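The values are calculated or read from the model by the stated rules, or taken from the named source; none is laboratory data. Here the structure is a predicted model, which means the values were calculated and not measured. With ideal geometry, Cβ positions are generated from the backbone for all residues, glycine too; neighbour counts draw on all protein chains shown. Quick note on the areas: whole protein, heavy atoms, side chains included, nothing else; ligands and nucleic acids left out. Shrake-Rupley method; radii C 1.70, N 1.55, O 1.52, S 1.80 Å.
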Amino acid sequence: MANIYVDPVCSMPVSNEEHALIYPDQEIYFCSDFCKQKFRLQPDLYFTQTNLPQEQDDRHIAYFSMEIGLDSNMPTYSGGLGILAGDFLKSCADLKIPIIAVSLLYKKGYFNQHLDTLGNQQEIPVMWKPSLTMRPLATKAQIVISDIPVTIQAWQCDIIGNTGSHVPLILLDTDVAENQPWYRELTYYLYGGDQRYRLAQEIILGIGGVRMLRALGYNQLRHFHMNEGHSSLLTLELLQEQQKHHQVWDFNAVREQCIFTTHTPVPAGHDQFSYTLVKEVLGNYIVHDVLTMLGGDEFLNMTLLGLNSSKYTNGVAKKHGETSKQMFPHYPIDSITNGVYSVFWTCDSFKTLYDEYIPGWRKDPFTLRHTSKIPLQEIWDAHTKAKAALIHKIQAKTNRLLNLDVFTVGFARRATLYKRADLIFSQCEKLLEITRQAGPIQLVFAGKAHPKDTDGKEIIKRIYAIAEKLKKQITIIYLENYDIELGQLLTSGVDLWLNTPLRPLEASGTSGMKAAHNGVPSLSALDGWWLEGHLEGITGWSIGTTNIENQTEMDQKDAEDIYYKLGNLIIPMYYNSREKWIEVMKQTIAINASFFNTHRMVQQYVTNAYL
Ligand SMILES: *Cc1c(COP(=O)(O)O)cnc(C)c1O
């Protein structure tokens, strides 16, 4: 086959070598004599353009997140928020979005969870070597915390997209020789310290992050996207820049640049600091009246600061957008429903299947709607492989063996009260009756409790106790150390994904979207994303109606729903109408994976927020 060249003048492909010349010492080919003559007249113009691709320094969106989860080897995330940020950036890389991301390094990570035989959680620091996946940058930035100057250094890794484009990720690090000990440890732990530690981290992220980007030469930035309020202090740094250059408080100029995504559906979840602490830690960085004007009178509320300083704000699912509007009635709040990065959350056996029947899905996950072409048996085979992989992993981790033929329910999320992990056990007798009538089930749980969440830790112990009590009738396993890798195995390897948040506390939820990518339907409370993804009996099943005020009543009604649907609809379909079951799996992929992915989500951020 002939070589294909690119004409340096018109960029059209050239397949014959008829029109050629030597410049300066290499042979260059043209499509026509016309282009060759153009080149000859101005060789420098065309030669530099085609042969020396310009460095990409025209990135104009900066994305700030307190945590970013890319894979299990980088323990710089704790859960949903960080993984969402990671998935978002992976899609940005594929879609060539000119974005750069900033977070903190967390040298000792979140934590590894160890559970003893009673389910007591022990938190073990993670030692990882950033230098294995990241490169240190020479550039430094300076900030002041509690009147002490602090030097920040940075590490970079590049998220490479499937089109060859990349997104740089900058992780800030204060563990440098010239800093005092307490300050060196500020970028060690994610959610590890007290309020003072936390505020210092937010100063590093927000203020230090902007200074680092400037120092690195990113001078084209037009948008600063805050993924949750942890980075809201960046708005103050932008305000200070305006003040320095133009000697005015130009709030509008800052607002024009800022985008704020809120993830929290209740006021108690919003990050806030007392002004006494703020004064001590932030010092006289900015005029106090400006701070209270933007961040609230009584406390510095990071959500309020973000809202007041942004031209565009959004919640992370339609319902969450509305809940946020009720909390902040005077602000225009849009919603962009979350997604997951399709290629990452689809297990190997389904990847093979999609590659065969839906080629192109990796670049365009919307095409996952075409599952109708896939034979039922092949869906089932792919699922069985994923289930076997999960069973294998569970055996390796716990030395216990699940049954490949038994209906398996998965539940993995942060162990915290509102997620109600133990709701399915509220009437154990009923659950046992169902397994006797409809067929056997086995249950797999996983989830870490935040180090200070004592109620969350109690839930884990409660499930351990129930598992022990029911062990003769139902196999119940609680897996240690829920992380990205385990998340991949669980959301692909179980038969049903269970989700029981107390409404309206689940802003979006994403694990059910991961399950959908692997044909695993959900049985989920109607909250967050499920309000948009749920079609009863088609993509899964709902728990509860939307409007009950009283929690005890909601617990009871929701538990009844779980028992009724498991016993009468779900388990019977699984065992007795296998083809119908696999149809549900197919519809789950077609309807939900094709939509609840970060490619769609990124495109909405581009059109709604960035443009
Ligand atoms: C997806 C994921 C989460 C978030 O799941 P939710 O459904 O939003 O609770 C948390 N942790 C891990 C390890 C995950 O993979």
Fill in the blank from the handout: The lone condition THR76 fails out of (1) open to solvent by less than 70 Å² (accessible area, probe 1.4 Å); (2) away from the ligand (no atom under 16 Å from the Cβ) is (2)
Fill in the blank from the handout: Exception for THR607 within (1) surrounded by fewer than 20 Cβ atoms within 10 Å (Cβ to Cβ); (2) in contact (Cβ under 8 Å) with a residue 60 or more places away in the chain falls at (2)
Handout entry: Only listed residue being in contact (Cβ under 8 Å) with a residue 60 or more places away in the chain, closer than 30 Å to PHE445 by Cα, small (Gly, Ala, Ser) and open to solvent by 30 Å² or more (accessible area, probe 1.4 Å), chosen from GLY119, GLY192
Key = GLY192
Handout entry: Residue among TYR564, TYR605 that alone is closer than 18 Å to LEU423 by Cα, of a type in the set (Ser, Thr, Tyr) and either touching a helix residue (DSSP H, G or I) at 6+ places or on another chain (Cβ under 6 Å) or in a helix (DSSP H, G or I) (or both)
Key = TYR564
Completion exercise
Counting only residues that are of a type in the set (Ser, Thr, Tyr) and more than 10 Å from the ligand (Cβ to nearest atom), segment 64-73 contains a total of 1
Fill in the blank from the handout: Across segment 336-361, the tally of residues that are part of a loop (DSSP other than H, G, I, E, B) and surrounded by fewer than 17 Cβ atoms within 10 Å (Cβ to Cβ) stands at 2
Fill in the blank from the handout: Of (1) at pLDDT 95 or above; (2) in contact with a strand residue (DSSP E or B) (Cβ under 8 Å, 6 or more places away or on another chain), ARG436 fails just (2)
Exercise for the section: State which residue is nearest to THR408 (Cα to Cα) when the search covers only segment 567-581 and only residues that are in a helix (DSSP H, G or I), of a type outside the set (Lys, Arg) and open to solvent by 10 Å² or more (accessible area, probe 1.4 Å). Expected result: TYR575
Completion exercise
Filtering segment 523-532 down to residues that are more than 11 Å from the ligand (Cβ to nearest atom), open to solvent by less than 10 Å² (accessible area, probe 1.4 Å) and within 27 Å of ALA382 (Cα to Cα) yields LEU523
Practice task
Report yes if TYR331 is open to solvent by 10 Å² or more (accessible area, probe 1.4 Å), in a loop (DSSP other than H, G, I, E, B) and within 24 Å of LEU505 (Cα to Cα), otherwise no.
Solution key: yes
Fill in the blank from the handout: Scanning segment 511-522 residue by residue, those part of a helix (DSSP H, G or I), more than 16 Å from THR416 (Cβ to Cβ) and within 11 Å of the ligand (Cβ to nearest atom) turn out to be GLY512, MET513, LYS514, ALA515
Practice task
Considering only segment 4-38, state which residues are in a loop (DSSP other than H, G, I, E, B) and not polar (S, T, N, Q).
Solution key: ILE4, ASP7, PRO8, VAL9, CYS10, MET12, GLU17, GLU18, PRO24, ASP25, CYS31
Fill in the blank from the handout: The condition from (1) more than 16 Å from the ligand (Cβ to nearest atom); (2) in a helix (DSSP H, G or I) that GLY86 misses is numbered (1)
